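Step one of this worksheet: look at the structure below.
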Amino acid sequence: MPYTAPIEVRLWNKISPEPNSGCWLWAGAYGGSPDRRGYGQIWWRDRRRMAHRVAYEVWRGPIPDGLQVDHLCRTPECVNPAHLEPVTPTENVRRSSIRILTAEMAAMIYKDARQCWRIADEHGVAEQTILDIKIRRCWRDATEGLGPPTWCRRRRSKVYA
Ligand SMILES: [Zn+2]
């Protein structure tokens, strides 16, 4: 496909739709190294760019300055604009740390009586993630029916001491 073809056509030629997930898997070139593959790549407007960002710009619109494009489907190979959302780098990190936990870990965290920073340290996630689990802003399914969360008591006694 010559580079002079419209960008929509060039994208479509490298997309392999996955019928179950609805993901549009990138079948073109990838960045990164053979053992650690990066994102799909495509030349556009004189530069090599990340294919999912190009797909977003072409079919949904410009990505605001400084924002990263997060995969809501958790599939880095996907370029389906409906599965993509521009987020701040901070939000992207927060979401990544939600990803590495399992439902079992989330349930344990919910009932962990230690200080949030200690729990966060042990699991290698942001302290905000621990708070988010306890206030049930994330991992709601994992903590369903567990009753109220367990909070660290020491902090409270410090306040009333
Ligand atoms: Zn997807």
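The values are calculated or read from the model by the stated rules, or taken from the named source; none is laboratory data. Here the structure is a predicted model, which is why all the values come from computation and not from measurement. Here Cβ is always computed from backbone atoms with ideal geometry, including for glycine, and neighbour counts include all displayed protein chains.
Can you run down the residue pairs with Cβ atoms below 6 Å, 6 or more apart or on separate chains, where the first is in the stretch 77-92 and under 14 Å from PRO64 (Cβ atoms) and the partner is part of a loop (DSSP other than H, G, I, E, B) and within 8 Å of the ligand (Cβ to nearest atom)?
Taking only residues 6 or more apart or on different chains, the pairs are GLU85/LEU72.
Going by the conditions given, is TRP12 within 16 Å of the ligand (Cβ to nearest atom), at pLDDT 95 or above and more than 23 Å from the chain's Cα centre (by Cα)?
Values: within 16 Å of the ligand (Cβ to nearest atom): yes; at pLDDT 95 or above: yes; more than 23 Å from the chain's Cα centre (by Cα): yes.
Judged against the criteria, TRP12 is a match.
Considering every residue within the stretch 102-113, establish whether at least one is within 16 Å of the ligand (Cβ to nearest atom) and of a type in the set (Gly, Ala, Ser).
Checked the stretch 102-113: no residue is within 16 Å of the ligand (Cβ to nearest atom) and of a type in the set (Gly, Ala, Ser).
Only residues that are within 16 Å of the ligand (Cβ to nearest atom) and among the aliphatic types (A, V, I, L, M): list them for the stretch 80-101, please.
ALA82, LEU84, VAL87
Please work out if SER33 is more than 16 Å from the ligand (Cβ to nearest atom) and farther than 19 Å from PRO86 by Cα.
Criteria met by SER33.
Given the criteria in a loop (DSSP other than H, G, I, E, B), touching a residue at least 12 places away in the same chain (Cβ under 8 Å) and under 8 Å from the mean Cα position of the chain (by Cα), does ARG74 qualify?
Numbers: in a loop (DSSP other than H, G, I, E, B): yes; touching a residue at least 12 places away in the same chain (Cβ under 8 Å): yes; under 8 Å from the mean Cα position of the chain (by Cα): yes.
Yes.
Taking ARG60 and the conditions (1) within 16 Å of the ligand (Cβ to nearest atom); (2) surrounded by 15 or more Cβ atoms within 10 Å (Cβ to Cβ), which numbered condition does it fall short on, given that it satisfies the others?
It fails just one condition, (2).
With respect to TRP44, is the statement that it is away from the ligand (no atom under 12 Å from the Cβ) and of a type in the set (Phe, Trp, Tyr) true?
Criteria met by TRP44.
State yes or no: is GLN41 in a helix (DSSP H, G or I) and touching a helix residue (DSSP H, G or I) at 6+ places or on another chain (Cβ under 7 Å)?
So GLN41 fails the test.
Filter the stretch 1-45 down to residues that are aromatic (Phe, Trp, Tyr) and surrounded by 11 or more Cβ atoms within 10 Å (Cβ to Cβ) and give me whichever is farthest from GLY61 (Cα to Cα).
Once the filter is applied, the top-ranked residue is TYR30.
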